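Following: one structure in structure tokens, then a few remarks.
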Amino acid sequence: MMRAPRAYAGGMFHASGGDWVLAETQWRRNPRLALRPVFFHIVKLWSRCRGAMGGTGLLPEPGGVNQQPAWLMAAFALLDGAEADMEKAKDA
């Protein structure tokens with residue numbers, strides 16, 4: 001289950017003593033504080049590059065999908081999958 005960003009506003013450890021859950025992964029430490037800033041940059045880039053009708057809109061590098069860094073396209077695919085899972089859970 002994904003939660004709104006405000007759910008991660010606390011300190012390093014959850015106030016309840018439990019774990020944070022992010023994309024079905026349990027985190028002992030607050031993911032907002034444990035993840036490197038580059039990951040947040042990738043999510044922002046993914047958000048800006050999305051097409052209005054879904055799929056790929058503008059891409060960060062010149063050229064088409066095949067000219068993009070493979071690791072970045074893989075990251076975008078993971079984010080697309082996480083978003084699809086959230087939509088399915090919301091509709092259920």
- prompt: Leaving out ligands, DNA and RNA, what percent of the accessible area of the chain is carbon and sulfur, probe 1.4 Å?
  reply: 60
- line: Taking a ≥ b ≥ c as the square roots of the eigenvalues of the Cα gyration tensor, with a/c under 1.5 meaning rounded and otherwise prolate when a/b exceeds b/c and oblate if not, the range 23-92 is oblate
- request: Report the one residue of G63, A89, W27 whose Cα lies farthest in the direction of the positive end of the charge dipole of the chain (charges on C-beta: Lys and Arg +1, Asp and Glu -1; origin at the Cα centre).
  value: W27
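The values are calculated or read from the model by the stated rules, or taken from the named source; none is laboratory data. For clarity, every value in this text was computed on a predicted model and none was experimentally measured. Methodologically, a virtual Cβ is constructed for each residue, glycine included, from the backbone with ideal geometry; neighbour enumeration extends over all protein chains shown. In case anyone asks, the SASA skips ligands and DNA or RNA and just uses the protein heavy atoms, side chains included. Shrake-Rupley method; radii C 1.70, N 1.55, O 1.52, S 1.80 Å.
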